[in-house]
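One structure is given here, and the rest of the page talks about it.
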Amino acid sequence: MNRLSRVTQLTVAATLVAAAVTPAAAQSLADRVASAPDGRVQFNFPSRAGICGNGRTYIQTGPNSYSGSFYGNYNDGVRTENCVAGPVRVVIDRADKVPLSVQAYVGPTDSTLRGVTDLGHVRGQEAADYLLSMAGKIDGRAGRDAIMPAMLADSANTASTLVTIARNTTLPRETRRSALNYMGRSTDGMQTIPSSVTDPILQIARDENDNQTVRQGALSVLGRLDHGSGIPPLIELSKQTQSNWLAKESMSTLARSGDPRARQYLRTAVRRTDLPDEVLTVALRALGQDYATAQDAALLRELYPSLKSDRSREAVFQALTDIGGSENTKWLVNMAQDGNEPLQMRRRAIDAASRAGASIGDMIKLYDTTTDPSMKQTLIGIYVRNGERSAVDKLLAIVKGEENLSVRRSAISQLSRSEDPRVKAALSELITR
């Protein structure tokens, strides 16, 4: 065989090999999954920096075990195992080629897994595109569970597809909410949040024809966006007057934010006289939540006399109860003693003072300054909840000396469930009289 013939044979062989390989290599991941035998099929792809797992039971997406987020089961039994960086491995179980479940793993390959068609390594963007296409087409948990592993893919652009999923009202509610949550996370590391992310979230929040749970999810995502990017639009939404529901929910979302702009807006909002009562009530309660200050408490006490409804006034009591402290408990006790206040609000002030941390001594003194039976019964309930010796002593004194028969019966009824020997002896003495 001359050299020319040999070269010709090699060229033909190479061409045949290329012809056999090229169609498979050109297939999309979706086609490869669809053409695999029924049952479980898996593929793997590179993970984002900071993603690790044990390959079987958990995935960690944060920098350490204290601040990181976990998916799966992370307990004492696996704490000693190394958290191994990528790749991400996705296993899809199918029946009649229809996906039944989507499971994701990071770290070492599980050598115990059998009966799986392995498609090998794929690019991160290709994997993310395929998984999100599943989420946009498949009902139920399999579609929803396909979103999380897509977010682990290295250098994958997912924001626009997440927007499409979140806005698709034909998809299950929880799939859309999951897409919304990951839209907020897809901006990690960005110096500014683009309008291509915030605008669709706002459109969902504003759409009165959409599911309210999904709309609440959209507002929640706005409140969590990096750099406080969602705070200005939330403030604007809370000001609009077309929908009390949207204004109230926007205010509630602002209440959970520690952003200084949100806190200052709440302080301004509670001074407004044109807010619907239900929106004002949310703003008042918000001032007593996680980021409350002594100045917020002082503002609430200052505003109380100008409030028009029992609901807004009770919101002040609840907020001050959450804040606690001697200034607030003293104010609440004074409100309980104020004869100019409606009886119903005085009773609520008593209960709020107790829950805010007023001493049992102050609560006992209140009993002797009131003649109203309902106020006395409220105080009896507080003494029973407290259970301290001085509270029990006061209850026994009421049983023995209270002139109002209904109040006395209330104290006896409450004490009858006590296991305190002194209480049992006192009640026995009453019976034998």
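Once Lys and Arg get +1 and Asp and Glu get -1 on their Cβ, which of GLY387, ALA286, TYR130 lies farthest toward the positive end of the dipole of the chain? Farthest along the dipole direction, towards plus: TYR130. The trypsin sites (Lys or Arg not before Pro) of segment 252-311 meeting both criteria, a DSSP state outside H, G, I, E and B (loop) and at most 11 other C-beta atoms within 10 angstrom of the site's C-beta, are ARG272, LYS308.
For the chain, DSSP calls about 85 percent of its internal beta bridges antiparallel. Using helices alone, I'd like the mean residue ellipticity at 222 nm for the chain: each DSSP H run of four-plus residues gives -39500 (n - 2.57), total over residue count, nearest 500. Only helices count here, giving -17500 deg cm²/dmol.
To test your reading of the geometry: what angle, between 0 and 90 degrees and rounded to tens, separates the Cα axis of helix 326-337 from the longest principal axis of the chain? Relative to the chain, helix 326-337 is tipped by roughly 50 degrees. Just going by the charge dipole of the chain, with Lys and Arg at +1 and Asp and Glu at -1 on Cβ, which of ALA269, PRO305, THR169 is farthest out on the positive end? Checked the options; the winner is THR169.
Is the shape of segment 324-413 rounded, prolate or oblate, going by the alpha carbon gyration tensor and its root eigenvalues a ≥ b ≥ c, with a/c under 1.5 for rounded and a/b larger than b/c for prolate?
It comes out oblate by the Cα gyration axes.
Using alpha carbons only, how many angstrom separate the centre of segment 107-171 from the centre of segment 313-347? Going from one Cα centre to the other spans 53 Å. The modelled label-to-label distance for the pair ASN157/THR169, using points 7 Å beyond Cα in the direction of Cβ, is 2.9 nm.
Annotation: extensible slack from ARG409 through LYS239 equals 56.1 nm (criterion: 0.36 nm per residue apart, minus Cα-Cα distance). Take the Cβ atoms of ASP310 and ASP139, set R0 to 41 Å, and the FRET efficiency comes out at 0.35. Can you bin segment 143-208 into rounded, prolate or oblate? Criterion: square roots of the alpha carbon gyration tensor eigenvalues sorted a ≥ b ≥ c, rounded for a/c under 1.5, prolate for a/b above b/c, oblate for the rest. Judged from the Cα gyration tensor, segment 143-208 comes out oblate (a/c at least 1.5, b/c at or above a/b). Between GLN203 and ASP31, the simple label model (points 7 Å from Cα in the Cβ direction) yields a spacing of 3.2 nm.
Among the GluC sites (Glu not before Pro) within segment 339-433, those in coil by DSSP and having at most 16 neighbouring Cβ atoms inside 10 Å are GLU388, GLU403, GLU419.
Taken together, the values in this text are just the output of simple stated rules run on the coordinates, not laboratory data. Small disclaimer: the values here were computed from a predicted structure and weren't measured. Cβ atoms come from the backbone with ideal geometry, glycine included; neighbour counts cover every protein chain shown.
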